[in-house]
There are 2 protein chains.
Amino acid sequence: MSNVRVAGVGLTPFGSTPERTGRDLFAEASIKAFEDSGVPRDDVDALLYGNFMGELSEHQGHQGPLMAEAAGIQAPATRYESACASSGAAVRDAVMRVRNGEDDVVLVGGAERMTNLGTAGATESLAIAADDLWEVRAGTTFPGAYALMAQAYFDEFGGEHEDLAHIAVKNHENALTNDKAQYQRAIEVADVLEAPQVSSPLGLYDACPISDGAAAVVLTSEEYADEHDLEAPVAITGTGQGGDRMALHDREHLARSPAAREAGAEAYADAGVDATDVDLAEVHDCFTIAEVLALEALDLEPIGEGITAARDGRTTADGETPINLSGGLKAKGHPVGATGASQIAEVAKLLAGTHPNSSAVEEATTGVAHNAGGTVASATVHVLEVVE
Amino acid sequence: MSNVRVAGVGLTPFGSTPERTGRDLFAEASIKAFEDSGVPRDDVDALLYGNFMGELSEHQGHQGPLMAEAAGIQAPATRYESACASSGAAVRDAVMRVRNGEDDVVLVGGAERMTNLGTAGATESLAIAADDLWEVRAGTTFPGAYALMAQAYFDEFGGEHEDLAHIAVKNHENALTNDKAQYQRAIEVADVLEAPQVSSPLGLYDACPISDGAAAVVLTSEEYADEHDLEAPVAITGTGQGGDRMALHDREHLARSPAAREAGAEAYADAGVDATDVDLAEVHDCFTIAEVLALEALDLEPIGEGITAARDGRTTADGETPINLSGGLKAKGHPVGATGASQIAEVAKLLAGTHPNSSAVEEATTGVAHNAGGTVASATVHVLEVVE
């Protein structure tokens, strides 16, 4: 079994560019990834591509071959859709293919065009990640669903909005050096607490923005990387996936994410590491409470204690295990189909020492990327390690 | 590397059931597949699920976990979308996972709900499989696109509508014994020629219907099948995938399908067979001309000669290589996301001797399933063989 090397990564700026098509965005990301990798396009064996709502935002399905064309490659292409974990799911299959020798070089990534729908249109389109029959028709939106999860957490373990506010403040702080981030501006706890309420207890600054953007990653086998003298010091050494009941009301606990726990445990075992080895992570903070649930599901915090991690400085840039040094979904932005692949890109750069925030994690050898769909009805976790 | 056994298959009736949800359809197909296989649900490691237009027909994305729930399994689930080749793409990854030891048991399948959209709505929704920017906005629909391909074929190689009519007649004839088929009635060449024109040279009887339905297949490793004494005499021994430019106008030839040729060549090589070994095939006859192009791409007919295959009896039930003994998309129906998996189910039953039409192919040991997306911008091909 071959190690799977991250040979190159490319990201568009994340933000509001309603005039840009999905193919335009993915073309930019893939150009950057190929440049970064030094891998010629002709060597690509497959494109695995994540997209969530192209049918609604661009009247466009069947994006696999469309995006292969945008990337300038002639290779079979498949689109993966697992809501906000779409490109995480694509990365997982890409890792399996390369490690098993099915493919030597895979282009994996994703894109999403959202802001052209407007805020109401995007919110309605995002709702297709929930159960239309039993949740959406009853009025559930994702801010509402995550507010229920936050309230359930507070009820079971304690905590308050101010704890969550520190997560938003931390992630905005981390994004200051990230020139791809949608929000490169510092905020304070008071800003979060005074922001308009979205769905109690969550306010506007507890939510990630609606974003356009794309991410692309060139993965190669170890043999290919060695043979071509690639600068590819980081490998994806573990992959895991979990699933849960679709609708919140069918879950045993609203304030836990068993799908992410399952994915994390599988990825750790696959890589031969455990949570104590993790030096940094990018986790799926679509809402501030989601970062808390992710930390606990990944065993980076004990159940019921993740709520204080940012406030007490355990997950800040100067903390023991910095979380979302990219700015996270909260400040970097969340173009849904691009997010999972963008997390791989960020962790790889942080570990390789080529990220603006690498100085915060100079000795780091092990990082984690956690991507979640819906209210974590699906989740993928990947472990990345410095291997040379 | 383990052989990948087809342990059980399940299909809903294909037809017009606009009141049934996708989850209802997939639940039925999966119940049947589990019953057929004797595999307990708890042993399933993953669901790989194909769906094409759920966002438009049911306001429902993120169908992976939803369908895992419908199937009564607790396992990670991913949705694959490659237009009309969606569940073909899912089968391909399922085969890779099982043969490489990532999973022992995979539930793979797909479903589509279409008729609730009405004919105009379904046609518009199907168009998202073409290039929205360069084809759909210019007025292209799939009947129009395949009509262009048919006309280009006639121009280059000769042939006439009556040749195509024999394909429709053959596939309706084959469907007479298929109690899951949407159309269980014989037609004659005159019916095809006299049917209302859809897009010259194609008429109404050259097109597959709009359909609701689901298909599910339980795949296991050889070791699992042996250990559990499963009745699973057929294996998927070859998998291949190809891609092409998305828009017809970017192709070198309108009347050839290089993506299917690439997929076929890869699948044959993977299985260690060639076209002369193929005893029967299910090919993607969304329009009559599509069957011709498929036969030629799979090297079952020389380029330019596939047009006479049905008319001259080479592909009829009593011919040398029977094609679409299930009735094909044309008569069995084409619930898009279900089609690729349903082809695997049909070929497996034909080879196992448990299909109503198995008597036509009593000595058969090798079958092929060919699934295509859009105007064959994507294609998957699988080879199935009797292994015990």
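Brief remarks on what is shown
- Residues that are surrounded by fewer than 23 Cβ atoms within 10 Å (Cβ to Cβ) and of a type in the set (A, V, I, L, M, F, W, C) within the stretch A:23-33 comprise A:27, A:31, listed in sequence order.
- Hey, residue A:177 polar (S, T, N, Q) and under 17 Å from residue A:333 (Cβ atoms) or not: yes
- Of the candidates B:85, B:111, B:120, B:89, the single residue that is surrounded by fewer than 24 Cβ atoms within 10 Å (Cβ to Cβ) and on the phi < 0 side of the Ramachandran plot is B:120.
Table: residues versus (1) at the interface with chain A (Cβ under 7 Å from one of its Cβ atoms); (2) closer than 14 Å to residue B:114 by Cβ; (3) of a type outside the set (Gly, Ala, Ser).
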position	(1), (2), (3)
B:6	no, no, yes
B:18	no, yes, yes
B:27	no, no, no
B:43	no, no, yes
B:54	no, yes, no
B:68	yes, no, no
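- Qualifying position, being touching an Asp or Glu at 6+ places or on another chain (Cβ under 7 Å) and not aromatic (Phe, Trp, Tyr), among A:329, A:384: A:329
- Among the numbered conditions (1) in contact (Cβ under 8 Å) with a residue 60 or more places away in the chain; (2) in a loop (DSSP other than H, G, I, E, B), the only one that residue A:314 does not meet is (1).
- Condition met for residue A:293 (crowded, with 24+ Cβ neighbours inside 10 Å, part of a helix (DSSP H, G or I) and not hydroxyl-bearing (Ser, Thr, Tyr)): yes
- Scanning the stretch B:94-149 for residues that are away from chain A (no Cβ under 11 Å), under 19 Å from residue B:374 (Cβ atoms), aliphatic (A, V, I, L, M) and out of contact with any His (no Cβ under 9 Å at 6 or more places or on another chain) yields B:117, B:122, B:138, B:145, B:147, B:148, B:149.
- If you go through the stretch B:29-81 and pick out every residue that is basic (Lys, Arg) and in contact with a helix residue (DSSP H, G or I) (Cβ under 7 Å, 6 or more places away or on another chain), you end up with 2.
- Considering residues of the stretch B:29-41 that are more than 14 Å from every other protein chain (Cβ to nearest Cβ) and among the charged types (D, E, K, R) only, the residue farthest from residue B:92 (Cα to Cα): B:35
- For the stretch A:70-88, taking the residues that are more than 7 Å from chain B (Cβ to nearest Cβ) and of a type in the set (A, V, I, L, M, F, W, C), the one that is farthest from residue A:229 (Cα to Cα) is identified as A:84.
- Qualifying positions in the stretch A:267-290 - in a helix (DSSP H, G or I) and within 25 Å of residue A:171 (Cβ to Cβ): A:267, A:268, A:275, A:276, A:277, A:288, A:289, A:290
- Qualifying residue in the stretch B:32-42 (condition: closer than 26 Å to residue A:128 by Cα and out of contact with any strand residue (DSSP E or B) (no Cβ under 6 Å at 6 or more places or on another chain)): no
- For the stretch B:232-260, the set of residues classified as of a type in the set (A, V, I, L, M, F, W, C) and farther than 30 Å from residue B:385 by Cβ consists of B:246, B:247, B:248, B:254, B:255, listed by residue number.
- Some residue of the stretch B:184-199 being within 28 Å of residue B:351 (Cα to Cα), surrounded by 24 or more Cβ atoms within 10 Å (Cβ to Cβ) and out of contact with any helix residue (DSSP H, G or I) (no Cβ under 6 Å at 6 or more places or on another chain): no
- Any hit, the stretch A:126-140, residues being closer than 30 Å to residue A:7 by Cβ and touching an Asp or Glu at 6+ places or on another chain (Cβ under 6 Å): no
Let's see how each residue does on (1) among the β-branched types (Val, Ile, Thr); (2) within 14 Å of another protein chain (Cβ to nearest Cβ); (3) under 16 Å from residue A:91 (Cα atoms):
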residue: A:233; (1), (2), (3): no, no, no
residue: A:236; (1), (2), (3): yes, no, yes
residue: A:241; (1), (2), (3): no, yes, yes
residue: A:246; (1), (2), (3): no, yes, no
residue: A:255; (1), (2), (3): no, no, no
residue: A:261; (1), (2), (3): no, yes, no
residue: A:264; (1), (2), (3): no, yes, yes
residue: A:274; (1), (2), (3): no, no, no
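- Here residue B:10 fulfils each of the conditions (1) among the small types (Gly, Ala, Ser); (2) crowded, with 24+ Cβ neighbours inside 10 Å; (3) under 24 Å from residue B:234 (Cα atoms); (4) in contact with a Leu (Cβ under 8 Å, 6 or more places away or on another chain) apart from (4).
- Qualifying residue in the stretch A:84-103 (condition: more than 30 Å from residue A:38 (Cβ to Cβ) and touching a Gly at 6+ places or on another chain (Cβ under 8 Å)): yes
- Among the residues listed as A:376, A:361, the single one being surrounded by 24 or more Cβ atoms within 10 Å (Cβ to Cβ) and over 21 Å from residue A:108 (Cβ atoms): A:376
- Tally, over the stretch A:147-180, of residues that are among the small types (Gly, Ala, Ser) and in contact with a strand residue (DSSP E or B) (Cβ under 8 Å, 6 or more places away or on another chain): 2
- Residue check for residue A:1: among the hydrophobic types (A, V, I, L, M, F, W, C) and modelled with pLDDT under 95: yes
- Answer from A:261, A:245 - the residue that is basic (Lys, Arg) and out of contact with any Pro (no Cβ under 8 Å at 6 or more places or on another chain): A:261
- Residue count for the stretch A:322-355, restricted to those that are more than 21 Å from residue A:206 (Cα to Cα) and part of a loop (DSSP other than H, G, I, E, B): 3
- Checking each residue in the stretch B:68-82 for being within 24 Å of the chain's Cα centre (by Cα) and not charged (D, E, K, R) picks out B:68, B:70, B:71, B:77, B:78, B:80, B:82.
Condition check ((1) within 20 Å of residue A:344 (Cα to Cα); (2) at pLDDT 95 or above; (3) of a type outside the set (Gly, Ala, Ser)) across all residues:
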residue	(1), (2), (3)
A:35	yes, yes, yes
A:40	no, yes, yes
A:44	yes, yes, yes
A:63	no, yes, yes
A:70	no, yes, no
A:84	yes, yes, yes
A:87	yes, yes, no
A:90	yes, yes, no
A:95	yes, yes, yes
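- Residue match in the stretch B:249-271 (condition: surrounded by fewer than 18 Cβ atoms within 10 Å (Cβ to Cβ) and closer than 16 Å to residue B:314 by Cβ): no
The values are calculated or read from the model by the stated rules, or taken from the named source; none is laboratory data. Given the structure is predicted, the values throughout are model-derived calculations rather than measurements. Positions of Cβ are generated from backbone atoms using ideal geometry, with glycine treated the same way; all protein chains shown enter the neighbour counts.
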